[in-house]
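The values are calculated or read from the model by the stated rules, or taken from the named source; none is laboratory data. Quick caveat, the model's predicted, so the values are computed rather than measured. Note that we place each Cβ from the backbone using ideal geometry, even for glycine, and neighbour counts take in every protein chain shown. The protein model used for the area step is the full one, side chains on, heavy atoms only, and it has no ligands, DNA or RNA in it. Shrake-Rupley method; radii C 1.70, N 1.55, O 1.52, S 1.80 Å.
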Amino acid sequence: QVQLVESGGGLVQAGGSLRLSCAASRAIFSFNAMAWYRQAPGKQRELVAHRSRFGATNYADSVKGRFTISRDTASNTLYLQMNSLRPEDTAVYYCNAVSDTQYWGQGTQVTVSS
C-alpha cells in the first residue's frame, strides 16, 4: 500500500508564498504521473498541477505562472511551489499518484487571507 503524506500548508497573506511537500512511501519514479489537486469548501476537487513520469507538466489556468510542480527522486518527494497567492487559492490541497491505481494523500490546508 502506497502512502502519500502532504505537509507545508498554513495561513499566509495574499501575495505570499508556500511550498507544499508530498512524501511518498515508494520510489516516485515508479508512478506514471503525480499531481496536486485542491478542494475549496462547497466546490469540487480540481486539478492544480500535473507532472508525467517523463517530466511533462501542465497547470490549471488559474495558477499558471504562479505555481510550479517539481519532484526530488532522491527523497521521493513531490513539491508544489506556490507564489503570489490569492484568497481564491484557499483550499485543501491533495497529492495524487497514479500507477496501477490512484493514490491520495490526506490533504493539507492552505488559507490565504486578503
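I'm trying to understand the selection: among the residues of the stretch 38-55, which are assigned to a strand (DSSP E or B) and open to solvent by less than 50 Å² (accessible area, probe 1.4 Å)? Steps first, answer last, please.
We begin by selecting, within the stretch 38-55, every residue assigned to a strand (DSSP E or B); these are 38-39, 46-52.
The answer is Arg38, Val48, Ala49, Arg51, Ser52.
Name every residue in the stretch 66-90 that is touching a Ser or Thr at 6+ places or on another chain (Cβ under 8 Å) and small (Gly, Ala, Ser), in order of residue number.
Within the stretch 66-90, just Ser84 meets the criteria.
Residue by residue through the stretch 36-61, note down the ones that are farther than 16 Å from Leu20 by Cβ and not charged (D, E, K, R).
Across the stretch 36-61, the qualifying residues are Pro41, Gly42, Gln44, Ser52, Phe54, Gly55, Ala56, Asn58.
From the residues in the stretch 56-82 that are farther than 13 Å from Ala35 by Cα and in a strand (DSSP E or B), which one is most open to solvent (accessible area, probe 1.4 Å)?
Going through the stretch 56-82, the residues farther than 13 Å from Ala35 by Cα turn out to be 61-66, 72-76, 82.
Filter once more, keeping what is in a strand (DSSP E or B): 72, 82.
Working: Asp72: 56, Met82: 0 Å².
Ranking the candidates gives Asp72 first.
Name every residue in the stretch 83-114 that is of a type in the set (Asp, Glu) and surrounded by 14 or more Cβ atoms within 10 Å (Cβ to Cβ), in order of residue number. Before you say what the answer is, go through the steps one by one.
Within the stretch 83-114, the first condition is being of a type in the set (Asp, Glu), and the residues that meet it are 88-89, 100.
Selection gives Asp89 alone.
Restricting attention to the stretch 1-30, and to residues there that are aliphatic (A, V, I, L, M), in a strand (DSSP E or B) and open to solvent by less than 40 Å² (accessible area, probe 1.4 Å), which single residue is farthest from Asp89 (Cα to Cα)?
Of the residues in the stretch 1-30, the ones aliphatic (A, V, I, L, M) are 2, 4-5, 11-12, 14, 18, 20, 23-24, 27-28.
Now drop any that are not in a strand (DSSP E or B), which leaves 4-5, 11-12, 18, 20, 23-24.
From what is left, the residues that are open to solvent by less than 40 Å² (accessible area, probe 1.4 Å) are 4, 12, 18, 20, 24.
Numbers: Leu4: 22, Val12: 11, Leu18: 11, Leu20: 13, Ala24: 24 Å.
Top of the filtered list is Ala24.
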